[in-house]
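Some notes on the structure that comes next.
Rule-based calculations on the coordinates, nothing more; no lab input. Values in this document were obtained by computation on a predicted structure and should not be read as measured data. Cβ: placed from backbone, ideal geometry, glycine included. Neighbour counts: every protein chain shown.
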Amino acid sequence: MLGDTVRQQQGEAVFATVERIRQISIAFRRDGDAAARRELEATLDSLSHDRTIEVVRAFSYFSHLANIAEDQHQHPLHAGAQAKAARGAVARAPSSTRSRALRGGRRRRAASCRRLFDTILVSPVLTAHPTEVRRKSVLDREMEVAQLARRARPHAAHAGGGRRRRRRRCRAPSSRCGRPACCGAASPTVIDEVANGLSYYDHTFLRELPRLYGDLEDQLAAIDPAWNNTELPSFIRMGSWIGGDRDGNPFVNADVLRQAIEMQSKRVRRLLSRRAASARAPSSRSTAPA
């Protein structure tokens, strides 16, 4: 599918160059073919600046797609199931101390837990790695391909539709990766780094942390019913260097920091607006007996 995309968007000549480089690279790497090495060196040296960018871009997309395929092959569980397992491991922590807690009084046990969660602060910090920054449009396409690949697995609830149909659906996001909006030549800016970091929040922290708090509260309520009407304090606070690391990036200034904070605030406000709209939406009335 990537070959079809290269051929369609950049022409047969670019596809032929990419394919030939791929073949002779394999011959050199796997077989130690000296002639293949000489041909590879000569081919790469002869590339123009524009053609070099096209070749590098094609192999970059190949690596991204190969990583997605490998993830789906090695980890057949849906990402949500893995996240649930991770949350469960944390949420079961209170149960591991239950036998010791039962040796003390219930009131003392509840007070001790409250003091503990009032003083705990867990702050995972995202660091800035400009060399790993990819545009949000590319990240969105990769997520789309990964979701389609999961649905195409034989055990998936949405599997079906035939091999050709699934290939057509996967080809669409793959082809969009090659468009100018996804692959501009300019180096990523600090704001690109901020957007890149925030793009992961929707699929990780903003979705999983509320579930983690809920799991912990359920476990605590199982140990002590007094927790039924008590919410945990927000002891997990996300941190980020991206957009604020003035020691490590000369392009970070007051304006960039202000933009980074505004982008983070907008992401949270957008999430809360969606949650509020979902809570207000009328639900279908069940006809089943109570």
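The label point for Arg258 and the one for Asn229, both projected 7 Å from the Cα toward the Cβ, are 4.7 nm apart.
Distant-in-sequence amide contacts of Leu126, defined by a placed amide H-H separation under 5 Å and a gap of 5 or more residues or a different chain, comprise Gly239, Ser240, Trp241.
Taking the Cα centre of the range 23-77 as reference, the dipole from Cβ charges on Lys and Arg (+1) and Asp and Glu (-1) amounts to some 40 debye. Simple spin-label estimate for Thr127 and Leu272 gives 3.2 nm between the two label positions (7 Å along the Cα-to-Cβ direction from each Cα).
With only Cα atoms counted, the range 1-64 has Rg and Dmax values of 11.8, 33 Å. Within the range 210-257, the trypsin sites (Lys or Arg not before Pro) that combine a DSSP coil assignment with at most 11 other C-beta atoms in a 10 angstrom radius are Arg237.
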